[in-house]
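Visitor: Take a look at this one; I'll ask things after.
The values are calculated or read from the model by the stated rules, or taken from the named source; none is laboratory data. What you see is a predicted model; the values in this text were computed from it and never measured. Cβ placement follows ideal geometry from the backbone for every residue including glycine, while neighbour counts extend to all protein chains displayed.
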Amino acid sequence: MAAPAILDACTLFGPWPRHATDLSVDDLLQGMTQNNVTRSLVTATSGIFYDYRQGNSETLAVAKANAAHFFPVATLDPRAFPECLEEAQTRAAEGFRLFRFFPERQGWPIRYAPFRELLQKCDSLGVPVAVEISRPGDCTELADATTFTRAPLLLAGVKPVHLAEALAVMRADTKFYLETTHLLAPGTFETIRDTIPSGAERLVFASYAPLRYLSVALAPILTSTLSNEHKSAVLGDNLKRLLTK
């Protein structure tokens, strides 16, 4: 079998607290080339930690300058309500492919009225979202907060301690997908495949490169006992399908 085309759902550039240097676009592109990653969805970290609107502008500029490698992903901050609704409208019109949320890093709860309204806005715009999971209970709260929509929703940052809850949510609602970033233990992908309906079709490769090594994120998928067809799905086909819905 030919090597599958790899599409990375989460890559980053810019400053990261407690990181010695900024995450550079050049390092990200080099890592992509070394690991045969065809394209990545990219986000400016300044949008996470500082000004989400400025970060989105930086993301758009980098994506345009590297159009063969990147799709732009916006960050939205519900604490900036109602201005964040206009930002979602603007960025969707500019061709942003995904909206990504970081509740724990920004200090707001998932059970939060501005977030609920912003999710409704994203749903009306037809742009899928990814929400970073940080604590037990986050997946359940997110499921309860999104009963109004059938739009795809990616569970990001899920660690082994959150996996049982994530699987339960995914079994109950087919709109949920799972990013692979922290799922490194042997047998994890086989468990997901066998536990939830169409499990391999609801896994999406995401590395958080260059904050995390691309090779480390890829290895558990490539060395798993998933079929070649399922590996291709996880490494790119599933995300392509989500972005064209």
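Visitor: Restricted to the range 179-217, and to residues that are within 16 Å of LYS231 (Cα to Cα) and of a type in the set (S, T, N, Q), which residue is modelled with the lowest pLDDT?
Guide: SER198
For every residue, the table says whether it meets (1) of a type outside the set (D, E, K, R); (2) buried (at least 23 other Cβ atoms within 10 Å of the Cβ).
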residue: ALA65; (1), (2): yes, no
residue: PHE71; (1), (2): yes, no
residue: ASP77; (1), (2): no, yes
residue: ALA80; (1), (2): yes, no
residue: GLN89; (1), (2): yes, no
residue: GLY95; (1), (2): yes, no
residue: PHE99; (1), (2): yes, yes
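Visitor: Here's another thing I want to ask about it. Consider ALA92 carefully, then state whether it is in contact with a helix residue (DSSP H, G or I) (Cβ under 6 Å, 6 or more places away or on another chain) and touching a residue at least 24 places away in the same chain (Cβ under 8 Å).
Guide: On the way: in contact with a helix residue (DSSP H, G or I) (Cβ under 6 Å, 6 or more places away or on another chain): yes; touching a residue at least 24 places away in the same chain (Cβ under 8 Å): yes.
In short, yes.
Visitor: If you don't mind, there's one more thing I want to ask. Would the range 222-242 turn up any residue that is within 23 Å of LEU125 (Cα to Cα) and of a type in the set (A, V, I, L, M, F, W, C)?
Guide: First, the residues of the range 222-242 that are within 23 Å of LEU125 (Cα to Cα): 237-242.
Now drop any that are not of a type in the set (A, V, I, L, M, F, W, C), which leaves 239, 242.
Yes: the range 222-242 contains one or more residues that are within 23 Å of LEU125 (Cα to Cα) and of a type in the set (A, V, I, L, M, F, W, C).
Visitor: Would you check if THR140 is buried (at least 20 other Cβ atoms within 10 Å of the Cβ), at pLDDT 95 or above, out of contact with any Leu (no Cβ under 9 Å at 6 or more places or on another chain) and among the polar types (S, T, N, Q)?
Guide: No, not satisfied.
Visitor: A further question on this structure: If we keep just the residues of the range 101-125 that are touching an Asp or Glu at 6+ places or on another chain (Cβ under 6 Å) and buried (at least 22 other Cβ atoms within 10 Å of the Cβ), which is nearest to LEU7 (Cα to Cα)?
Guide: Residue satisfying both the conditions and the ranking: PHE102.
Visitor: Hey, another quick one. Within the range 86-146, considering only helices (runs of 4 or more DSSP H) that don't extend past its boundaries, which have at least 2 residues that are over 18 Å from the mean Cα position of the chain (by Cα) and over 20 Å from LYS175 (Cα atoms)?
Guide: Passing ranges, in order: 113-125.
Visitor: Anything in the range 190-245 that is on the phi < 0 side of the Ramachandran plot, of a type in the set (Ser, Thr, Tyr) and in contact with a Gly (Cβ under 9 Å, 6 or more places away or on another chain)? List them, or say none.
Guide: Correct list: THR191, SER207, TYR213, SER215, SER224, THR225.
Visitor: A further question on this structure: Which of the residues spanning the range 165-198 are out of contact with any strand residue (DSSP E or B) (no Cβ under 9 Å at 6 or more places or on another chain), part of a helix (DSSP H, G or I) and not basic (Lys, Arg)?
Guide: Scanning the range 165-198 gives GLU165, ALA168, ALA172, THR188, GLU190, THR191, ASP194, THR195.
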